[in-house]
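Student: What follows is a single structure, and I will ask about it in a moment.
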Amino acid sequence: MNLTKSLNRNTYRTKDPIIMTYNIILFPGDGIGPEVISQVERIIKFFNTRFNKAQFAIETELAGGAALDVHGVPITNAAIDKAQRADAILFGAVGDSKWDDISFELRPEAGLLRLRKDLDLFANLRPAICYPALATASSLQPSLVEGLDILIVRELTGGTYFSQPKEIVTLQNGQKRAVDTTSYTTFEISRIVKIAFNLAAKRYKKVHSVEKRNVMMTGVLWHEVISELHQTYAENIELKHILADSCVMQLVRQPKQFDVIVCDNLFGDILSDAAAMLTGSVGMLSSASLGTNISGIERPRALYEPVHGTAPDIANQDKANPIAAVASFAMALRYSFGLVREAELVEKSISNVLDQGYRTIDIMQDKMCKVGTNEMGQKIVKELETIANY
Ligand code: IPM
Ligand code: MG
């Protein structure tokens with residue numbers, strides 16, 4: 001136990017060892033966000049009751065449309081301050097057409113984007129893993145997706161999402177002209193590429209670098225920076241360059257050829273939704289958005305969220321699949337708290353529950369047992385209780 005580290009934290013001593021208390025901020029957001037985050041709370045409660053090495057103190061804050069309705073902004077400065085100090089953030093989802101009339105700067109998504117930018121959460125990890133029981137739920141043939149294990153590493157704080165100018169101007173002839181800028185610096189590219197190489201080194205040692213250097217200057221620089229870094233930093237990793245359009249095509253043609261995919265912010269958004277469907281449903285994909293280390297502590301700033309959106313059509317009907325949110329908490333256990341065994345226990349519980357035949361509506365198959373959001377959460381906790389053996 002590293003005492004210097006724990007002295008800075010909110011700790012208390014029972015008999016021994018020292019129990020760490022980690023502060024987690026929950027941002028359930030809109031639509032199905034609150035429902036899936038409730039299931040994460042069940043898992044947290046399980047660890048708080050049964051696990052004797054760490055405790056999780058949770059606080060809930062508004063984001064997205066929920067914050068707009070109460071505070072008139074998609075996230076408050078106070079919530080951002082809390083998020084800056086938290087050990088980890090768990091986010092649900094934000095957005096709905098009911099806030100379509102709001103100005104662009106105040107739209108619900110702006111709350112999430114501000115969190116990503118203000119906390120410098122530049123490294124977005126989106127694993128696309130096909131659980132064995134779901135190989136037949138994918139829109140592709142089972143043989144193409146069985147055992148699929150891809151990690152998309154998406155740059156999250158630059159590119160088209162944040163570059164300036166970003167505006168709509170009215171021209172003299174009365175026409176309007178919209179501008180989105182895509183810019184990347186060497187620094188921004190190299191820091192995300194290094195993360196991709198480091199992660200590939202712990203996996204199957206292959207990186208596909210995605211860009212559009214045939215059309216975009218950011219693609220030209222991206223290609224140059226990663227090629228140089230490959231030689232100086234990661235010679236033992238197999239590096240392949242692939243154009244973004246071709247990558248989407250290959251993802252649905254032969255997905256198992258990929259190990260780590262590294263790409264810019266916009267391509268990552270698109271590729272990760274495509275990859276999600278390979279795993280059976282977008283309701284299965286978790287993600288971690290990591291920043292630089294919190295000063296004085298080895299842990300990075302981090303936000304964990306399911307890749308799926310708010311699904312307003314099924315909100316408040318106990319239909320949403322909570323697996324992506326629960327798997328996102330497993331990522332928090334692994335990347336923020338170093339609790340690798342606990343992360344694996346959560347992942348194994350999800351896998352076992354699927355093996356037992358329980359399915360939410362998005363992954364429902366013949367002869368399986370349909371369950372709602374709550375029941376799926378309960379099943380996962382029950383399985384945890386069985387296999388954790390605390
Ligand atoms: C995602 C989402 C977000 C994005 C939206 C909600 C702003 O689609 O995390 O993939 O575009 O990044
Ligand atoms: Mg997206």
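Student: Note down the magnitude of the dipole of the chain about its Cα centre, charges +1 on Lys and Arg C-beta and -1 on Asp and Glu C-beta and zero elsewhere, to the nearest 20 debye.
Tutor: Here the size comes out at about 960 debye.
Student: Still on this structure: Could you give each residue of the range 136-152 its phi-based ³J(HN,Hα) in whole Hz, using Karplus coefficients 6.51, -1.76, 1.60 with θ = phi - 60°, and x for Gly or Pro?
Tutor: Residue by residue, the range 136-152 yields 8, 8, 6, 6, 9, 4, x, 5, 7, 10, 4, x, 4, 8, 10, 10, 8 Hz.
Student: Please list the non-local residues whose amide H lies under 5 Å from the amide H of H208, H modeled 1.01 Å from N, same-chain partners needing a gap of 5 or more.
Tutor: Result for H208 returns K240, D259, V260, I261, V262.
Student: Here's a follow-up. Just check the range 202-259 against the gyration tensor rule for me: Cα atoms, a ≥ b ≥ c as the square roots of the eigenvalues, rounded for a/c under 1.5, and otherwise prolate or oblate depending on whether a/b exceeds b/c.
Tutor: In terms of gyration-tensor shape, oblate.
Student: Something else now. With the full set of protein chains in place, find how many percent of the accessible area of the chain is carbon and sulfur; take the probe as 1.4 Å.
Tutor: 51
Student: Further question on the same structure: Tell me the volume per residue, in Å³, of the convex hull enclosing the alpha carbons of the range 260-311.
Tutor: Spelled out: Cα convex hull of the range 260-311, divided by residues, is 106 Å³.
Student: Would you grab the residues whose amide H sits under 5 Å from the one on L90? Only those 5+ places off in sequence or on another chain, please, with H modelled 1.01 Å from N.
Tutor: Result for L90 returns I25, L26, F27, Y304.
Student: For the range 133-150 and the range 212-242, what is the centre-to-centre distance using only Cα atoms, to the nearest Å?
Tutor: Cα centroid to Cα centroid, the span is 30 Å.
Student: Also, I was wondering about something else. Restricting to DSSP H runs of at least four residues, report the calculated mean residue ellipticity at 222 nm for the chain, -39500 (n - 2.57) per run over all residues, nearest 500 deg cm²/dmol.
Tutor: Computed mean residue ellipticity for the chain: -12500 deg cm²/dmol.
Student: Using only alpha-carbon positions, what ratio does the radius of gyration of the chain give when scaled by 2.2 N^0.38 Å?
Tutor: Cα Rg divided by the expected 2.2 N^0.38 Å: 0.99.
Student: Apply the Karplus curve 6.51 cos²θ - 1.76 cosθ + 1.60, θ = phi - 60°, to the phi angles in the range 281-293 and return the couplings in whole Hz, x for Gly and Pro.
Tutor: 6, 5, x, 9, 8, 9, 8, 10, 10, 10, x, 7, 5
Student: How far is the Cα center of the range 36-69 from the Cα center of the range 105-130, in Å?
Tutor: The two parts, judged by their Cα centres, are 19 Å apart.
Student: To continue, here is another question. Quick one: pull the percentage of alpha-carbon pairs in the range 128-278 with a separation above 28 Å.
Tutor: Looking at the range 128-278, the distances longer than 28 Å represent 26 percent of pairs.
Student: Below 8 Å between Cα atoms, with a sequence gap of 6+, how large is the relative contact order for the chain in percent?
Tutor: With pairs under 8 Å counted, the relative contact order is 19 percent.
Student: Past the 23 Å Cα-Cα mark, which pairs from K53/K382; K117/K256; K117/K194; K98/K212?
Tutor: K117/K256; K98/K212
Student: Then there is this: Can you give me the P(r) profile for the range 255-390? Cα pairs, bins 5 angstrom wide beginning at 0, each as a whole percent.
Tutor: P(r) over the range 255-390, rounded to whole percents: 2, 9, 16, 21, 20, 16, 11, 5, 1, 0, 0.
Student: Along the range 58-73, what does the Karplus equation 6.51 cos²θ - 1.76 cosθ + 1.60 (θ = phi - 60°) give for ³J(HN,Hα), rounded to whole Hz, x for Gly and Pro?
Tutor: 10, 9, 10, 10, 8, 8, x, x, 4, 6, 4, 4, 8, 10, x, 9
Student: Which of the peptides 183-192, 329-338 is most tightly packed, and how do the rest follow, judged by the mean count of other Cβ atoms within 10 Å per residue?
Tutor: In descending order of packing, they fall as 329-338, 183-192.
Student: In Å², and per residue, what accessible area does the range 128-278 have when probed at 1.4 Å with the other protein chains present?
Tutor: Computed with neighbouring chains in place, this is 49 Å² per residue.
Student: Which listed residue (N316, Y233, V169) has the Cα farthest towards the positive end of the charge dipole for the chain, taking +1 on Lys and Arg C-beta and -1 on Asp and Glu C-beta about the Cα centre?
Tutor: So the residue furthest toward the plus end is Y233.
The values are calculated or read from the model by the stated rules, or taken from the named source; none is laboratory data. Every value quoted in this text rests on a predicted model; they were computed, and no experiment measured them. Positions of Cβ are generated from backbone atoms using ideal geometry, with glycine treated the same way; all protein chains shown enter the neighbour counts. In case anyone asks, the SASA skips ligands and DNA or RNA and just uses the protein heavy atoms, side chains included. Shrake-Rupley method; radii C 1.70, N 1.55, O 1.52, S 1.80 Å.
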